[in-house]
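Working notes, structure below.
Please treat every number below as a calculation from the coordinates, not as lab data. Bear in mind the structure is a predicted one, so any value in this text is a computation, not a measurement. We place every Cβ from the backbone using ideal geometry, glycine too, and count neighbours over all the protein chains shown.
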Amino acid sequence: MNSPNTTLDKFDCAILAALQQDGTLSIAALSEKIGLTSTPCWKRVKRLEEEGYIESRVAIVNRQKVGLPVTVFVSVRTGQHDEKWLRRFAAAVIVLPEVQEFHRMSGDIDYLLKVVTTDIKGYDTFYKKLIKAVQLTGVSSAFSMEQIKCSTELPLELIAHGLPA
């Protein structure tokens, strides 16, 4: 992938913003929305995909409706910080379908996981799989009481996209 902002202009950013809001837009609807004709719009979308700016197009499923209403933020601490241990831990965590996000952190917490599950019992099952995978120094769980904001849209208005300030 190119370095950030090297090839993005205002039309590229407009395409990305529109597709973040609705990934099902047809090229005709997208081109009308951003002010380009269909062929140049289609070429830009293809380029953005090829260059890795668009990683995938997905449907966002309602967790409540499908029976996965519980979100847990799991803080993990370890006394082991070697690359071999990290590879084992990452391989074990990546295959757990409950894990939506997996981050290596700075500060007191070594890793942070965002986990979705059915209920407390579902979380307990996940927890047992997690601690069985590799040796951990500490695991702390914080259950989300209410989701106040959730977005998959990146704030593209924060980037300069090649235009003078």
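Computed quantities for the displayed model
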| read-out | value |
| --- | --- |
| Cα-centre dipole for the stretch 63-144 with unit charges at Cβ (Lys and Arg positive, Asp and Glu negative), debye to 20 | 240 |
| Relative contact order [Cα under 8 Å, 6+ residues apart], the stretch 10-59, whole percent | 34 |
| Relative contact order of the chain, pairs being alpha-carbon contacts under 8 Å that are 6 or more residues apart, as % | 32 |
| For the chain, fraction of C-alpha pairs farther apart than 26 Å, in % | 48 |
| Anchor Lys46: lysines whose Cα lies under 27 Å away (excluding residues fewer than 8 positions away in-chain) | Lys10, Lys33 |
| In the stretch 57-165, the trypsin sites (Lys or Arg not before Pro) that fall in loop regions by DSSP, at most 11 other Cβ within 10 Å | Arg57, Lys149 |
| Positive-end residue of Gly138, Met105, Tyr123, charge dipole of the stretch 63-144 with Cβ unit charges | Tyr123 |
| Qualifying GluC sites (Glu not before Pro) for the stretch 24-62 [loop in DSSP, other Cβ within 10 Å: at most 11] | Glu55 |
| Euclidean distance between Cα centres, the stretch 95-124 to the stretch 44-69, Å | 20 |
| Lys pairs under 21 Å by Cα in the stretch 63-144, provided they are eight or more residues apart or on distinct chains | 9 |
| FRET E, pair Asp9, Cys150, Förster distance 25 Å, beta-carbon r, rounded to 0.05 | 0.25 |
| Separation of the Ser75 and Lys129 label points, Cα + 7 Å toward Cβ, nm | 2.4 |
| CD proxy at 222 nm, helix term only [per DSSP H run n ≥ 4: -39500 (n - 2.57); per residue of the chain; nearest 500] | -11500 deg cm²/dmol |
